[in-house]
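*Asks:* This is the structure, below, for whatever I ask next.
The values are calculated or read from the model by the stated rules, or taken from the named source; none is laboratory data. In this text, all values refer to a predicted model and were calculated from it rather than measured experimentally. With ideal geometry, Cβ positions are generated from the backbone for all residues, glycine too; neighbour counts draw on all protein chains shown. To get the accessible areas, we keep the full protein, side chains included, count just its heavy atoms, and leave off ligands, DNA and RNA. Shrake-Rupley method; radii C 1.70, N 1.55, O 1.52, S 1.80 Å.
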Amino acid sequence: MAATVATVEPVPDVEMTDVSDSQEKKDAAVIQEIRDNIRQIEKAVQTKEARFMLRVLRSWSVTRRKLNAVVLWSVINGFYTHSASDKELLLSYVTTPADIPEAIKMRTGKNATGALLPEIDGYIRLLVLVQLIDKEDYKKAVEFSDLLMVKLIDKNRRTLDLITAKAYFYHMRCYELTDQLHKIKGFLYSRLRTATLKKDYEGQAVLINCLLRNYLHYNLYDQADKLVQKSVFPEQASNNECARFLYYQGRIKAARLEYSVAHKNLVQALRKAPQNSAVGFRQTVQKLAVTVELLLGDIPERHIFRQASLRKALVPYFRLTQSVRLGDLTMFSETLENFKKNFLSDHTYMLIVRLRHNVIKTAIRAIGASYSRISVDYIAEKLGLDSPKDAEFIISKAIRDGVIQATIDPEHGYVQSKEPVDIYCTLEPQMAFHQRISFCLNLHNESVKAMRYPPKSYGKDLESAEERREREQQDLELAKEMAEEDDDGFP
C-alpha cells in the first residue's frame, strides 16, 4: 500500500504584514500630531499669544516617547523644502530608516518654498536632539546641541523664548551625560545675564536651575547657596521649574543643617510637581524629604511608603525609618550597609550617616522610660557601643539636650531617671501649634501668589481720557439741542 505524502502549502506572513501596517499607522499619527503642533506654533507667532506655544510644549513628553527615525525623516523632508544644506545637516544626525517611506508634502500655499519660521526650525531641531539623547548617542548630541545654541542665540525674537528655554535644559543635559558640566558654566551665566535683561522669565528660571544642578553635581553647596541668595527666581516661571528650584533649595539647606527650611521647600516641591506624571522626580524628592524628616526627629507617615508609585523606591527608607523609630542601632547599621549604593546614588548617604545620633537618642529615650535605674555597662551592651565611657558620654549629652530627664552616678556607675514632667505644663504644645499655623499661613500665601491674572486687565472697562472728552462733548451738544427745542416750544 503506497504511503500518501501530505503537502503543506506555504502560509502567507499575515502577522508581519499586520504589524508593519499598524506601525505605519502609528507613524502617520505621530507625524500628524507634529504637524498640528507646528500649526499651533505658527498661530502663536502670528497672534503673539504664548498660550499656543505652551500648549505645544505641554505635550512634549508624549511626543518624545513616540519619536523614531521614520517620523523624523518624514518631518525633515516634508518641511525643509527651502534649504538643501539644512536638510542634509539634520538628516546626517538622523538614522536613515530601513524602509524609506514616501515623501509627504507638509507645506502648502504661497510659503511652501519659503524659509521656515525660526520657532518651527527650533522645534524640529529639538526633536532631533532628544532623539539623539534617547538613542544614547551622546557625542553627536553634544555636537548638535552646540549647533542648536548658535542657531537660537542669533535670533532675537520674544516668540522664541519658550523653545530656547527648553533647548537650554537639553544643552545642559548633553554635557551632563558626557560628564562635561564644568565646560558650560560660563555659557550658562552669560545667557542668564541676557535673559534677565530681556525679562525672559522662563529662560531665566531654566538657567538658574541648570546652574544649581551644575554646582550640586560637583557638591559645591556653598556656591549654590550664594547663587540662590544673589539671584531672584522669577515668580512667572512654570510650576515645573518652580518645583525643581524648590528641590535644589531643599538639598542645599539640608547639607547646611537647616532641616526645617529644607523640609518646607521639599514639601512645596512635591505640591507643585505634576501628580499624575514625573514619577521619578517625586520619588527623588520624597526620598530626601523622608531623610530630612527623620533628621528633624519626626517619623514619616506610613501611608507615604504605601503609595503605588513610591512603594518599591522607598523600601530602603522604610527600613531606615523602622530602625530610627525602634532605636535599633544594629538594624540601622545593617540597613546602611545593605543599601549604601542606593543612598549614594540618591545623594542622601551623608545625611543618613548623621541619623546615627538620632537612633541612639531614641534608644536612650526608650531605656529611660522603661527603667528607673540602670547601669551604664548594660546601656553600652544594649546599644552595641565599644565601652561604658562612650555610653556615659552619650547619656550625658542626651541629658543636656533634654532627651531624657535623669542623673548619672559615676561612683556606682548607674543612671537614675527622674519623675516625668507633664508636657502640657511646658511651652512645647504651644510651639507645635504655632509651627502648624505658620505652615498653613505660608501655604495660603503661596496659593494666593500662584493665582495668575492677565496683566493690566483691570483697565479694560475704564475709558481713556480721549473717550471721556468725546463723551463730555456729546453731552454738551445734546444739552444745547434740548435747550433749543425748549426755546422753540414757547412763543
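*Asks:* Can you pull out the residues in the range 327-363 that are open to solvent by 30 Å² or more (accessible area, probe 1.4 Å) and outside any helix (DSSP H, G or I)?
*Replies:* Result: Asp328, Phe339, Asp346, His347, Arg354.
*Asks:* Considering only the range 251-279, how many residues are part of a helix (DSSP H, G or I), closer than 23 Å to Met431 by Cβ and not β-branched (Val, Ile, Thr)? Working first, answer last.
*Replies:* Taking the range 251-279 and keeping what is part of a helix (DSSP H, G or I), we get 251-255, 259-272, 279.
Next cut, closer than 23 Å to Met431 by Cβ only: 253-254, 259-268.
Still in the running and not β-branched (Val, Ile, Thr): 253-254, 259-260, 262-266, 268.
Selection size over the range 251-279: 10.
*Asks:* List every residue pair whose Cβ atoms lie under 8 Å apart, where the two residues are 6 or more positions apart in sequence or sit on different chains, the first residue falls within the range 270-296 and is closer than 24 Å to Val353 by Cβ, and the second residue, located anywhere, is among the charged types (D, E, K, R) and open to solvent by less than 50 Å² (accessible area, probe 1.4 Å).
*Replies:* Short answer, once both residue conditions are applied: Thr284/Asp346; Lys287/Asp346; Leu288/Arg251; Leu288/Asp346.
Condition check ((1) surrounded by 10 or more Cβ atoms within 10 Å (Cβ to Cβ); (2) modelled with pLDDT of 65 or more; (3) of a type in the set (Phe, Trp, Tyr); (4) part of a helix (DSSP H, G or I)) across all residues:
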site	(1), (2), (3), (4)
Arg400	no, yes, no, yes
Leu443	yes, yes, no, yes
Pro455	no, no, no, no
Asp461	no, no, no, no
Arg469	yes, yes, no, yes
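*Asks:* How many residues does the range 165-211 contain that are surrounded by fewer than 24 Cβ atoms within 10 Å (Cβ to Cβ), β-branched (Val, Ile, Thr) and in contact (Cβ under 8 Å) with a residue 40 or more places away in the chain?
*Replies:* Residues in the range 165-211 being surrounded by fewer than 24 Cβ atoms within 10 Å (Cβ to Cβ), β-branched (Val, Ile, Thr) and in contact (Cβ under 8 Å) with a residue 40 or more places away in the chain: 1 in total.
*Asks:* Inside the range 296-314, can you point out the residues that are in contact with a helix residue (DSSP H, G or I) (Cβ under 8 Å, 6 or more places away or on another chain), within 19 Å of Leu270 (Cα to Cα) and either assigned to a helix (DSSP H, G or I) or among the small types (Gly, Ala, Ser) (or both)?
*Replies:* Ile304, Phe305, Ser309, Ala313 - these are the residues of the range 296-314 that are in contact with a helix residue (DSSP H, G or I) (Cβ under 8 Å, 6 or more places away or on another chain), within 19 Å of Leu270 (Cα to Cα) and either assigned to a helix (DSSP H, G or I) or among the small types (Gly, Ala, Ser) (or both).
*Asks:* While we're on this one: Among the helices (runs of 4 or more DSSP H) lying completely within the range 130-231, list those that include at least 3 residues that are among the small types (Gly, Ala, Ser).
*Replies:* Details: elements: 138-153, 161-177, 185-197, 201-217, 221-230.
So the answer is 185-197.
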